[in-house]
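Here the structure comes first, spelled out in structure tokens, and everything after it is commentary.
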């Protein structure tokens, strides 16, 4: 059951990361076209809107993958001096707090999207509806929260800690 949940979670995490990567490519191309266009006196209309919304997708799209591979900034000065049980407990508490935090972001974004939809809020220059991007942030935050919650369960059952995988295996690698 846990293996199946991990495979589903890894699929969602990878999908979110791919969407975030596509957003990165789009933002880079928009900025490139805008800069070249400015050189010739014809900047790209709406480049700021697309860049801003694209960066939101990029950041939240990659957040679950960053958590999955243990890529968040952490201070491990005392880790070598603490017993394994205390380090594992700290990882569990951190993942639990992260899941709650990202659940809160998802809830807030969903609530905010309802208001944006009701008021028909759009970006300033090219009128992109804001609620679509708020839905994306909410979805990516839910994926991150679920991934963190699954990590709490895995760590509680004795699974490897992020960045401390057994036999040098990478997180999410098929076995």
* **Candidates 82, 102, 133: whichever shows maximal mean-square fluctuation once the chain is modelled as a Gaussian network with Cα springs under 10 Å** => 82
* **Estimated 222 nm signal from helices in the chain, with DSSP H stretches of n ≥ 4 weighted -39500 (n - 2.57), rounded to 500** => -25500 deg cm²/dmol
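Starting with the fewest neighbours, write out 131, 107 ranked by other beta-carbon atoms found within 10 Å of each beta-carbon. Show your work: numbers first, answer last.
Values: 131 22, 107 14.
Fewest-to-most ranking of 131, 107: 107, 131.
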* Taking Cα atoms, how many degrees apart are the long axis of helix 130-156 and the longest axis of the chain, rounded to 10 and kept between 0 and 90? -> 10
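Over the chain, what is the relative contact order in whole percent, taking alpha-carbon pairs under 8 Å and six or more residues apart? Show your work: numbers first, answer last.
Working: 185 pairs, mean separation 50.1, N = 175.
Averaging sequence separation for qualifying contacts and normalising by length gives 29 percent for the chain.
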* Select one label from (1) 57, 31, 30; (2) 59, 35, 21; (3) 61, 38, 32: the one whose number is Cα extents along the principal axes in Å as derived from the coordinates shown. => (3)
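Among 132, 39, rank each residue by its count of other Cβ atoms within 10 Å, from fewest to most, as a rough exposure measure. Walk me through the intermediate numbers first.
Numbers: 132 14, 39 9.
Starting with the residue having the fewest Cβ neighbours, the order is 39, 132.
What relative contact order, as a whole-number percentage, does the stretch 1-65 give when Cα pairs under 8 Å and 6 or more residues apart are counted? Mind showing how you got there, number by number?
Values: 53 pairs, mean separation 30.7, N = 65.
RCO, the stretch 1-65: 47 percent.
Quote the relative contact order of the stretch 18-107 in percent (integer), defining contacts as alpha-carbon pairs under 8 Å separated by 6+ residues.
Values: 44 pairs, mean separation 25.4, N = 90.
Relative CO of the stretch 18-107 lands at 28 percent.
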* Asked: Relative to the first principal axis of the alpha-carbon coordinates of the chain, what is the inclination of helix 47-68, with its axis defined by its Cα atoms, in degrees from 0 to 90 and to the nearest 10?
  -> 10
* Structure fact -> Scattering profile of the stretch 33-121 from the Debye formula, Cα beads only, expressed as log10 I(q)/I(0) at q = 0.12, 0.16, 0.23 Å⁻¹, is -0.65, -0.86, -1.18
* Express in whole angstrom the spacing between the alpha-carbon centres of the stretch 75-102 and the stretch 2-28. => 25
* Which of 68, 161, 151 has the fewest Cβ neighbours within 10 Å, and the rest in rising order -> 161, 68, 151
* Most fluctuating residue of 18, 35, 50 in a GNM of the chain with Cα springs under 10 Å: which is it? -> 35
* To do: Taking only Cα atoms and a 10 Å spring cutoff, compute GNM fluctuations for the chain and point out the largest among 129, 83, 43.
  => 83
* **Most to least packed among 87-99, 1-13 [average Cβ atoms within 10 Å]** => 87-99, 1-13
* To do: Compute the Rg to Rh ratio over the stretch 77-129 from the alpha carbon atoms, using the Kirkwood formula for Rh, and round to two decimal places.
  => 1.39
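A short reminder: the numbers here are calculations on the coordinates, not readings from a lab. Values in this document were obtained by computation on a predicted structure and should not be read as measured data. Neighbour counts run over all protein chains shown; Cβ positions are idealised from the backbone, glycine included.
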